[in-house]
Amino acid sequence: MWALLPPLLRAVFRFAFGPKTLSQALEEHAAGHRAQHILLRFEELTFTFAQANGLVNRYADAYRSIGLKKGDTLALLMENRPSFLWHYLAAGKLGVTISLVNSHNTGVPLLHSIRVCEPKLVMVGSELWPAFAAVRSELPDGLRVLVDEDVEYPVPSHLPVDVPAWGPCLETASEDNPPETGLQGRKDVAAYIYTSGTTGMPKAAVIRHQRAVVAGLAASLGFPVSGDSVVYCCLPLYHSNGLMLATGSNIVAGGTLALARRFSAHRFWDDIRHHGATSFIYIGELCRYLMNVAPGPDDRRHAVRRVMGNGLRPDIWSEFQERFGVERVVEFYASTEGNVSSANLAGPVGSVGKLSRLGALVRWDERAEDFVRGPEGFMVRCKPGEAGILLGRIGRIPFDGYRDEAATQKKILRDVFAKGDQWFNTGDLLRIDSKKYLYFVDRLGDTYRWKGENVSTFEVQEQISSWPVASEVNVYGVHVEGTEGRAGMASVVLDEQAQFDAGSFKQHVDSSLPGYARPLFVRVSRALDTTGTLKLKKNDLRDEGFDPKIVEDPLYFRHPDEDRYVEMTEQLYADVVSGKLRL
């Protein structure tokens, strides 16, 4: 009878009467008829629900034995592999909040991400030990650190004596379900997922168990997840798309996740065929990279019929479906910390779904960099054909925000349509049509998106400003034809008499910023314009971009083949905008 219910109704019942956490869902499947069903495929390894639950229990028992308990925070620095999931789910069983540190971070951003969550313990994958070791001396004394060995990256022989390996901790650990699993509540904090906000360094977004379960249930309808489905994920698990959607959907609905260490355009479809994947999760850049690979006879030789993700631009949407035989694209809009979302289950090409009653699209004055308000002081809703900022009503759908309360408050707008109301400001510009379908336009203000990551201009400005010869810095995103999002560009004013040293600049940004946040273009300016309130002006700089025919200032470009900053010439510009140089 359960199988005869429509999928949406099953999901509603599952949320109302089902597990309160993903860890509880794992236990239920391991004890039921899904016990021997494969939950995880990774390279040549497979793990059933029963096997996965036993491993997670061992991890939980080992953590308990070294003193972790409910309310503690565990920082996890690890690339995609099965152990990542076992750590995540073990923390969920014990009521430990797990802080999912971006594995691409190094230097200052890595140090900040670990510090800000105040962990009791840091678990480091051996594949990332060099990056962690470089900042360890600046972390609080006495902070406990363990290393989880990756078979491809053996534990370094020179590990400090106070950093034990994780493996021996598991040798005597129990595979029995811990009693704490059923004690965790939906409103307890499951994880911190880092997201770039409008100011400062990466922010720890609060993810409660309820949010993780709901995201998994929603995604299970989008893929969809069934008994014979296999969802392929090559996106990083420290991000919500990989962890909450691709992984959460299979844990909640009892499906199979095929996990890859990382994305490879040339190995992608071979990996899909190897695992028998029926769907995959994407970001827009992933699809464009696949389109950039030369067409071949095996483009349609796979079982994928539906894909789910965000950022697939309309210019390649239909072409992507036609070339690879994908029947449906489920493009969605959501943000890690946000309370407003939508999904295009059967709508027009390019749409992210319909605007719900819990959201609003309001007019934005880009030049003034402020919301448009009517004569009574309230914001103005967009009409069909107009673009505006998407807001989410705070009420029935909560806004959990960030671990930093001050950062949370900065995202809340008040007195939007009535005195006393509260709305979450996504900071994203979308357009609405006459049928209330939404279309993503751009990320506004002080954040732009590049290589699937949100980049805070304030973070990048702060780091470049510490370059010894930098006097003033303005950072913004510029559009590059044939790419997703916006590439980073920095307008830098040098100290008097200083010259731009490309090698020194590269060394500085490489040591202080993750790869996706390092500016692709540099403009050496004589001065920076500001508004009347002393805010740096970005619009004119964005409009001028990186065309040497337009920009009179010296321009430099980080050449992808040479990995160094070179002078931007008209020929280089032509190679970039034509797609000859792949960024």
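With a simple spin-label model that places each label point 7 Å from the Cα along the Cα-to-Cβ direction, the separation between V372 and R526 comes to 3.7 nm. The packing ranking of peptides 181-190, 565-574, highest mean first, is 181-190, 565-574, where packing means the average number of other beta carbon atoms within 10 angstrom of each residue.
Using only side-chain charges placed at the Cβ, +1 for Lys and Arg and -1 for Asp and Glu, the dipole size of segment 414-482 relative to its Cα centre rounds to 380 debye.
With Cα atoms defining each centre, segment 234-280 and segment 359-426 are spaced 34 Å apart in the structure. Select one label from (i) 23.4, 71; (ii) 41.4, 156; (iii) 24.0, 79: the one whose number is Rg and Dmax of the Cα atoms in Å as derived from the coordinates shown. Among (i) 23.4, 71; (ii) 41.4, 156; (iii) 24.0, 79, the one derived from this structure is (iii). Panel order for T106, T21, by other beta carbons found within 10 Å of each beta carbon, from fewest to most: T106, T21. Taking the DSSP beta bridges with both ends in segment 2-328, the antiparallel portion is around 25 percent.
Along the axis of the charge dipole computed for segment 447-578 (Cβ charges of +1 for Lys and Arg, -1 for Asp and Glu, origin at the Cα centre), the listed residues V492, A527, Q463 are led at the positive end by Q463. Pairs exceeding 22 Å between alpha-carbon atoms, taken from K187/K436; K549/K580; K203/K436; K69/K187: K187/K436; K203/K436. Taking 12 Å as the straight-line reach from the Cα of K383, the aspartates and glutamates in range (excluding those fewer than 8 positions away in the same chain) are D433.
By the count of other C-beta atoms within 10 Å, a proxy for reagent exposure, D428, D298, D150, D553 are ordered fewest to most as D298, D553, D150, D428.
Other residues whose C-beta falls under 15 angstrom from the C-beta of T181 contribute a net charge of 0, scoring Lys and Arg +1 and Asp and Glu -1.
Label-to-label distance, Q497 versus E43, with points set 7 angstrom from Cα along the beta-carbon direction: 5.6 nm.
Rounded to the nearest 500, the 222 nm mean residue ellipticity of the chain from helices alone is -7500 deg cm²/dmol, with -39,500 (n - 2.57) taken per DSSP H run of at least 4 residues.
With Cβ to Cβ distances under 15 Å as the rule, what net charge do the other residues near P295 carry (K, R +1; D, E -1)?
0
Counted over segment 158-278, the DSSP beta bridges are approximately 60% antiparallel. Within segment 370-417, the trypsin sites (Lys or Arg not before Pro) that combine a DSSP coil assignment with at most 10 other C-beta atoms in a 10 angstrom radius are R396.
By other beta-carbon atoms within 10 Å, ranking M291, M78 with the fewest at the front produces M291, M78. Computed about its Cα centre, the charge dipole of the chain is approximately 2340 debye, with only Lys, Arg, Asp and Glu carrying charge at their Cβ.
I need the shape label for segment 387-454. Rule: rounded when a/c is under 1.5, else prolate if a/b > b/c, else oblate, with a, b, c from the alpha carbon gyration tensor. In terms of gyration-tensor shape, oblate. Each Lys and Arg Cβ is given +1 and each Asp and Glu Cβ -1; about its Cα centre, segment 447-578 then shows a dipole of about 400 debye.
Within the chain, DSSP assigns beta bridges of which about 60% are antiparallel (rounded to the nearest 5). Seen through its C-alpha gyration tensor, with square-root eigenvalues sorted a ≥ b ≥ c, segment 447-578 comes out rounded because a/c lies under 1.5. In this rough spin-label picture, where each label sits 7 Å from Cα along the Cβ direction, the H479-E570 distance is 2.4 nm.
For the pair segment 180-232 and segment 475-544, the centres of their Cα atoms are 34 angstrom apart. Averaged over residues, the count of other Cβ atoms within 10 Å places the peptides 322-328, 436-442, 233-239 in the sequence 233-239, 436-442, 322-328, highest first. Sorting the segments 34-43, 254-263 by their mean number of nearby beta carbons within 10 angstrom, highest to lowest, gives 254-263, 34-43.
We did not get these values from a lab; they are worked out from the coordinates using the rules stated. Because the structure is a prediction, the values reported are computed rather than measured. Note that we place each Cβ from the backbone using ideal geometry, even for glycine, and neighbour counts take in every protein chain shown.
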